[in-house]
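The values are calculated or read from the model by the stated rules, or taken from the named source; none is laboratory data. Here the structure is a predicted model, which is why all the values come from computation and not from measurement. We place every Cβ from the backbone using ideal geometry, glycine too, and count neighbours over all the protein chains shown.
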Amino acid sequence: MSKYQINVVSLLYDYEDYEAADDLVAGYIIAMLRKEGHTTSLIEISRGCEDEDLVKLMQNMPDVVVFTIPRTSNIPELVSFSRYVKSINPECKIVLAGWSHHSAPMNTELIMEQCSDIDVIIRGEGEHTATELVDLFIRNENLGSCLGITYRDNGRIIANDDRPLGSLDELPFPARDSQLLHNYSSMWVSSARGCLGNCAFCAIPATRTKNDPVWRGRSPENVVEELKYLNNTYNIKQFNFLDPTFEDPGHKGKERIRKIAELILESDLDITFLAHMRAENWSEDDCELMELLYLAGLESVLVGVEAGNNSSLQLFNKRAKVENYFSFVDLTSKFNINIDCGFIMFHPYSTFEDLAANADFLKKIGLADTLCTYSSKLYLFPNTRIYQKLQEDNMLLNQGEGIYTLYDYKFLDERVKRLSDKMLTVNAVLAEKAFFHFKGITKLVTYISRMRRKLLKSSVLGQEYLSDNLSILEEAVRDMRKDIDDLNHTWFLKCIDWVKNDGSDNEFSEILKDHLLRIEEKIYKVQKIQLKYGMSIQRSLKI
């Protein structure tokens, strides 16, 4: 190990609890630096604990601090932290790197211009760039030869050429230092980078350079070796695939995930996993593949539905049509695979007709039971197609103070804006009581999926009795979801009427309060059934 000390900083600033908070950008960079013999530590900075965490950051007087970017809206915090580091050690090199999909959608030169404490910003993937940077720092050489960076040189800001992308199988498995700190019950895994989709709001195509391959995947053998390593080392049994689209690219992509599923089953890995998929990529012809994935452990799919009306789908440049989503739900429902619906209820051009059509679609397709779907709003990233459209239409509102935070926008209809703003109340409730989505309904659905898979794979006595018990719970959950679909649909239409009639804030609060009580009653009723029948199944299967 070199005596040169590098601290890689991960910000724990995500309000949403996905039960897997590994910072894979940090993990990959740390693993690569250690592979090259550099002394590297992970430092976490948590919201509300910044002062004490910054002291920890500088305790070992690092030579380089690499800040990963959890959200581009966290740039002001990273600027503030960089200023603190330089105040303690002016010679320390400060680098910004990465995002959840390895490249942050931001104006690197503008940030460098407005924050003199940042020395380098890594554009694109950071593993090879970070190691080359550190070697240049150690030798005190000019950074002109380092591809994929924007850096400062004698007062000038220079953007070097992009770094070509290499094989993902050549990378070491990401370091999991955060697991030692938090003992997570599930972990993120990245089996591929890139996406064949080209959604107008997405940062992935916005950060893609013209010479980049659109998609790259790890080999099935490499992916399953990491799953086995994490399972054996940390006893992790639940994984969330970070890949923007698990089944890309086309037929070859489906053969790749088929092989992943086969290797999981051959290895007798007792795991479950979540994956992201695009509805238009699937049809009834894929029933056998979906069943194989289910048997391997697939229990939840995040599908970017985004809208239930074709005008919004066209605005978002979605390739899927409304009918594709119905087909996809039909396919996954055969195997009790939960659908986590990515949705954009509110956007700058939303009309009341759009909102009502979205609500009707969610009810009809059976995805109306997660309350957060109704409160979701378009997140706007710079350089995306929809950002450029809003810029052309003079609808952008920059909420930053010169340095990029999060762009907001005007609404064509101020009443729609008022309803969208009011939905922040709903988001606040969900942040405090995830019971209403992740820890309530979704948990019940995935529990059934898991028990049904266990029964299929087991040879315990009383299979028919246990299956009948599980069927009772399945029917109760199905009825509950239908009831909550109806409740949420009715509630949202009431909210539309409320804003159309210029209702008071107190009226909205009462509508929401009454609605949440009704949902709780439905979920508690089913949880009692789960306790009655589910525990006997678990005992029989010795789970």
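Couple of notes before you dig in:
- Residue match in the range 187-206 (condition: of a type in the set (Lys, Arg), part of a loop (DSSP other than H, G, I, E, B), surrounded by 17 or more Cβ atoms within 10 Å (Cβ to Cβ) and not assigned by TED's automatic domain parsing to the domain that holds residue 119): no
For (1) at pLDDT below 95; (2) buried (at least 19 other Cβ atoms within 10 Å of the Cβ); (3) closer than 22 Å to residue 303 by Cα; (4) not hydrophobic (A, V, I, L, M, F, W, C), each residue gets a yes or a no:
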| site | (1), (2), (3), (4) |
| --- | --- |
| 214 | yes, no, yes, no |
| 222 | no, no, no, yes |
| 247 | no, yes, yes, yes |
| 254 | no, no, yes, yes |
| 266 | no, no, no, yes |
| 277 | no, yes, yes, no |
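- Elements of type strands (runs of 3 or more DSSP E) contained in the range 115-170, each with 2 or more residues being farther than 24 Å from residue 37 by Cβ and either in contact with a His (Cβ under 9 Å, 6 or more places away or on another chain) or modelled with pLDDT of 95 or more (or both): 156-159
- Between 449, 467, the distinction of being in contact with a strand residue (DSSP E or B) (Cβ under 9 Å, 6 or more places away or on another chain) and over 21 Å from residue 375 (Cβ atoms) belongs to 449 only.
- Just one residue in the set 332, 370 is in contact with a His (Cβ under 6 Å, 6 or more places away or on another chain) and either within 21 Å of residue 273 (Cα to Cα) or at pLDDT 95 or above (or both); that residue is 370.
- Verdict on residue 246 being out of contact with any Pro (no Cβ under 9 Å at 6 or more places or on another chain) and part of a loop (DSSP other than H, G, I, E, B): yes
- Within the range 162-203, the set of residues being among the aromatic types (Phe, Trp, Tyr) and either within 23 Å of residue 297 (Cβ to Cβ) or out of contact with any Lys or Arg (no Cβ under 9 Å at 6 or more places or on another chain) (or both) comprises 173, 184, 188.
- Residue pairs meeting the criteria (Cβ under 9 Å; at least 6 apart or on separate chains; first on the phi > 0 side of the Ramachandran plot, in the range 41-66; second surrounded by fewer than 18 Cβ atoms within 10 Å (Cβ to Cβ) and not hydrophobic (A, V, I, L, M, F, W, C)): 61/5; 61/89
- Any hit, the range 304-317, residues being without any contact (Cβ under 8 Å) to a residue 24 or more places away in the chain, surrounded by 16 or more Cβ atoms within 10 Å (Cβ to Cβ) and over 18 Å from residue 450 (Cβ atoms): yes
- Complete set of residues in the range 263-287 that are of a type in the set (S, T, N, Q) and either within 24 Å of the chain's Cα centre (by Cα) or in a helix (DSSP H, G or I) (or both): 272, 281
- For the range 358-376, the set of residues classified as surrounded by 19 or more Cβ atoms within 10 Å (Cβ to Cβ) and not in a loop (DSSP other than H, G, I, E, B) consists of 358, 359, 361, 362, 363, 365, 372, 373, 374, 375, listed by residue number.
- Taken across the range 304-315, residues that are touching a Lys or Arg at 6+ places or on another chain (Cβ under 9 Å) and charged (D, E, K, R) do occur, with at least one present.
- Within the range 220-238, tally of residues that are of a type outside the set (S, T, N, Q) and either in contact (Cβ under 8 Å) with a residue 60 or more places away in the chain or in a loop (DSSP other than H, G, I, E, B) (or both): 2
- Every pair of residues 6+ apart whose Cβ atoms lie under 7 Å, when the first sits in the range 400-424 and is at pLDDT 95 or above and β-branched (Val, Ile, Thr) while the second is surrounded by 18 or more Cβ atoms within 10 Å (Cβ to Cβ) and in a loop (DSSP other than H, G, I, E, B): 416/350
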